[in-house]
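Let me begin by presenting the structure, written as C-alpha cells, before commenting on it.
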Amino acid sequence: MTAARTQTGDEQRRTLILTGASRGIGHATVKRFASAGWRVITCSRHAFPANCPWAAGPEDHIQVDLADAGDTLRAVREMRERLDDGKLHALVNNAGISPKGPDDGRLGVLASGTDVWRQVFEVNLFATIWLASGLIEELTSAKGAIVNVTSIAGGRVHPFAGAAYATSKAALAALTREMAADFGPLGVRVNAIAPGEIDTAILSPGTEKIVESIPLRRLGAPEEVANAIYYLCTEQSSYVTGAELHINGGQHV
C-alpha cells in the first residue's frame, strides 16, 4: 500500500474520530493520519496526558467511558458539536477490553460472570453501534468510512483472550457486515481489521511461543496495523466494504 499525499491548505481537511487512542495500535493510528494532514479527534477513558508530544491533542480529545452507554451518547453529542462542517470522513472503533483473572490468566466461559460479559460487550460491541448510529449523518455527508477493530481471537480459541472478549470480537465481525449492507446505500463504507499478535504493551507472557508458529516468524508492528486502517479509510479502498482484513503474519492459515 502506498501512502496518499499529504493534504494541502487548499484541500478539504479530513477528520477522523478514533476510540482507544492512548496506546499501541491507537497511538500509531493517530500518528499515521496526522502525518497525512488529517484532523484526529481522539477518545479514551483517560484525560489527555500533559506529557504527550502531539500538539493538537488537548483540544481534540474527548474523555469517555464506553462501558457506560449514557456516557457514550453524551460523547456522541460532543463529537457532533466539534464537527463544524457537519462532516466525518472516518470513524475507527479501536477501543476494546479483555479482562483477566486474579492470576492474570484467561477468563473462560465458566469463570466470566454477568458483569464481565456486560462490560466487555458494551465496550467492544455496543459502543460501536451507538457511535456509528449517532454519527451517521456526518459520515453520510462526507461519504466516509468506518473501520472496526476485531481480532484473530474472534475466529478461533486463543490461549490468552478470554471468552467474552473473543465472542464480542466475533460479533463485531458480523456487525461489520450488517453495517456495510445498511450503510452502503448511504455511501458509507464499513470494514474491519483483525490483528493477530501485535507488539504492544498489552502482550501476554508466553506470546513468544505463538510467534514460533506464525509463518512470518515475528510480531506485527502497530504501524503496520495503522497503515491498513489508513488504507480502508481512503480512496485507495473505494470499492471495499464488508471486508475483514487479517493482519497476523499468516497466523490464521
Exercise. Can you give the Kirkwood hydrodynamic radius of region 107-150 from its Cα pairs, in Å with one decimal?
Worked result: 12.3
Exercise. What is the Cα coordinate range of region 155-253 on the first, second and third principal axes, sorted by size from largest, in whole angstrom?
Worked result: 45, 29, 25
For this session: Report, to the nearest 10°, how far helix 163-183 tilts away from the longest principal axis of the Cα atoms in the chain, using its own Cα long axis and a range of 0 to 90°.
Result: 30
Exercise. In nanometres, what is the gap between the two model label sites at D71 and A173, each 7 Å from Cα along Cα-to-Cβ?
Worked result: 3.0
Seminar exercise, completed: Which of S112, S44, S151 fluctuates most in a GNM of the chain (C-alpha springs under 10 Å)? That residue is S112
Problem set entry | Among 19-26, 185-192, 242-249, the order from most to least packed when residues are scored by Cβ within 10 Å on average | 19-26, 185-192, 242-249
Problem set entry | Among W117, A180, I198 - extreme Cα towards positive end, dipole of region 15-247, charges at beta-carbon | I198
Exercise. Once you put a point 7 Å from the Cα of E235 and another 7 Å from the Cα of K143, both along the Cβ direction, what distance in nm separates them?
Worked result: 0.9
Problem set entry | Lys/Arg +1, Asp/Glu -1 at C-beta; the chain dipole; positive extreme among T241, A90, A47 | T241
Exercise. How many percent of Cα pairs in the chain exceed 28 Å?
Worked result: 29
Exercise. What ranking do 121-130, 232-241 get when scored by the average of other Cβ atoms within 10 Å per residue, highest first?
Worked result: 121-130, 232-241
Problem set entry | Against the rule of thumb 2.2 N^0.38 Å, how large the Cα Rg of region 73-186 comes out | 1.19
Problem set entry | Nearest-20 debye value, the chain charge dipole, Cβ charges on Lys, Arg, Asp, Glu | 360
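Readers should treat all values here as calculations from the given coordinates under stated rules, not as data from a laboratory. Remember, predicted model here, so these are calculated numbers, not experimental data. Cβ atoms come from the backbone with ideal geometry, glycine included; neighbour counts cover every protein chain shown.
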